[in-house]
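As structure tokens, the structure follows; a few thoughts come after it.
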Amino acid sequence: MKAVRLVEIGKPLEMQEIPRPPVGDRDVLVRIKAAGICHSDVHYRAGASAVGPLPQTLGHEVAGIVEEAGAQVTNVAVGDRVCLHYLLTCGDCYYCSLGSEQFCVEGSMIGKYCDGGYAECIAVPARSAVALPDEIPFEHGAVLMCSSATSFHALRKTRLAAGETVAVFGAGGLGMSAIQIARAMGALDVYAVDINAGRLEQAATYGAIPVDATEGDPVAAIRQLTGGRGVDVALELIGLPQTMRQAVQSLAVFGRAGLVGIADKPFEIDSYPELLGREAEVIGCADHLLHELPLLLEFARRGLLDLSQVVTDTVPLDADAINDVLDTLEQFGGRVRTVITPEG
Ligand SMILES: [Zn+2]
Ligand SMILES: [Zn+2]
């Protein structure tokens, strides 16, 4: 089968002809219909994030149709539409039994530590295959498995309750999902903090109240907009010490700050006024959980989470086309997503 693979760090991906992967008793073989091209893939290609062994097929946002199922597979059947949880887990270890399988002792990740979705087919443990409702296009199913799922997990980790207020720092891919999901979960007001006017405008179309950080201190703006109270939940989706600090400073009494963006530097908290005195919490959020995915998909099925403005382009399974998309992401970032559709 055809696969577009990272052969050498820092070099363009290459098309290779590789054998179809073996399908174990507890595995499924999925015919790929859509694979999202993610900003993380830019980091893998550039060697900025761990990836390997090489050569390796990238792509961790995958949806398709089950083509073959191992003898012990019961959760999905041949012909089912599915999308894939990118973390591959054993289902049996201490962490998996707790439902916290992102800490699985045998855990791996498709498109990072084992072959992913820039290919015609992929084999994964069947427990990573989640039913994709007919109403959701494969392209959306694929992209839901990354940033949307991580935003959803962060809102659950920060225990967002109906009637609360939320501030989202960073109105990119994660932010656009976070805003919509927060509203679907019953958030009263959602503030979107960014420095990009276009992003703020788009955030407003999803019902967020824009806070333009180029026009002054966003913390002061949020205090003013909330009558001095601050927000119950603040999500930091950028990965900058400055915005992490702002997220904590924006909290109300009993507020929870969820840190999602990855930073390579520490940030400061003025412990008494910002944390102890408010009984506030700072919560680390990483990836997402298998059992969260069906509910996330149900939000999308009901139109409460709309990706039609996010997934805008498709490319074929072609190394040049995929490298071009990665080059563009590398140079300009981007809030819109391109999805590979191997069958056109
Ligand atoms: Zn991704
Ligand atoms: Zn496990």
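The values are calculated or read from the model by the stated rules, or taken from the named source; none is laboratory data. The structure presented is a predicted model; accordingly, all values stated were derived computationally and were not measured. Using ideal geometry, Cβ is built from the backbone for each residue, glycine included, and neighbour counts are taken over all protein chains shown. The area values use the complete protein model at the heavy-atom level, side chains included, leaving out ligands, DNA and RNA. Shrake-Rupley method; radii C 1.70, N 1.55, O 1.52, S 1.80 Å.
Okay, here's what the table says:
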| read-out | value |
| --- | --- |
| Separation between Cα centres of the range 275-315 and the range 168-223, rounded to whole Å | 14 |
| GNM result for the chain, Cα springs below 10 Å: residue of Tyr44, Tyr95, Tyr272 fluctuating most strongly | Tyr272 |
| Amide N proximity, the range 216-245 versus Ala197 label position 7 Å along Cα-to-Cβ, cut-off under 13 Å | none |
| Filter on Lys11/Lys265; Lys33/Lys157; Lys33/Lys112 - keep pairs with C-alpha separation over 22 Å | Lys11/Lys265; Lys33/Lys157 |
| Å² per residue, accessible surface of the chain at 1.4 Å | 42 |
| Most mobile listed residue (Pro137, Pro316, Pro273) in the chain, GNM with C-alpha springs under 10 Å | Pro273 |
| Whole-number D in µm² s⁻¹ for the chain, Kirkwood Cα-pair radius fed into Stokes-Einstein, 10 °C, 1.306 mPa s | 77 |
| Gyration tensor verdict on the range 77-127 (Cα atoms; rounded if a/c is under 1.5, prolate if a/b is larger than b/c, oblate otherwise) | oblate |
| Karplus-derived 3J(HN,Hα), 6.51/-1.76/1.60, for each residue of the range 83-93, Hz, glycine and proline x | 10, 10, 5, 6, 8, 9, 9, 7, x, 10, 6 |
| Gyration tensor (alpha-carbon) shape descriptor, the range 1-156, a/c threshold 1.5 | rounded |
| Cα-only radius of gyration and Dmax that characterise the range 24-101, units Å | 14.7, 40 |
| Net dipole in debye of the range 72-128 [+1 Lys, Arg Cβ; -1 Asp, Glu Cβ; about Cα centre; nearest 20] | 100 |
| Percent carbon-and-sulfur accessible area, the range 1-121, ignoring ligands, DNA and RNA, probe 1.4 Å | 52 |
| Of Lys157, Lys112, Lys11, the one that fluctuates the most in a GNM where the chain has Cα springs shorter than 10 Å | Lys11 |
| Mean shadow area of the range 187-272 over all directions, Cα convex hull, nm² | 5.8 |
| q = 0.10, 0.15, 0.19 Å⁻¹: log10 I(q)/I(0) that the Debye formula gives for the range 91-233, counting C-alpha atoms only | -0.46, -0.88, -1.12 |
| Under-5 Å amide H pairs with Glu281, H placed in peptide plane, nonlocal only | Gly255, Arg256, Ala257 |
| Förster radius 25 Å - calculated FRET efficiency between Phe254 and Ser97 (Cβ-Cβ, nearest 0.05) | 0.20 |
| Net charge dipole size for the chain [Lys, Arg +1 and Asp, Glu -1 on Cβ; Debye, nearest 20] | 540 |
| Rule-of-thumb Rg ratio for the range 176-321 [Cα; 2.2 N^0.38 Å; N residues] | 1.15 |
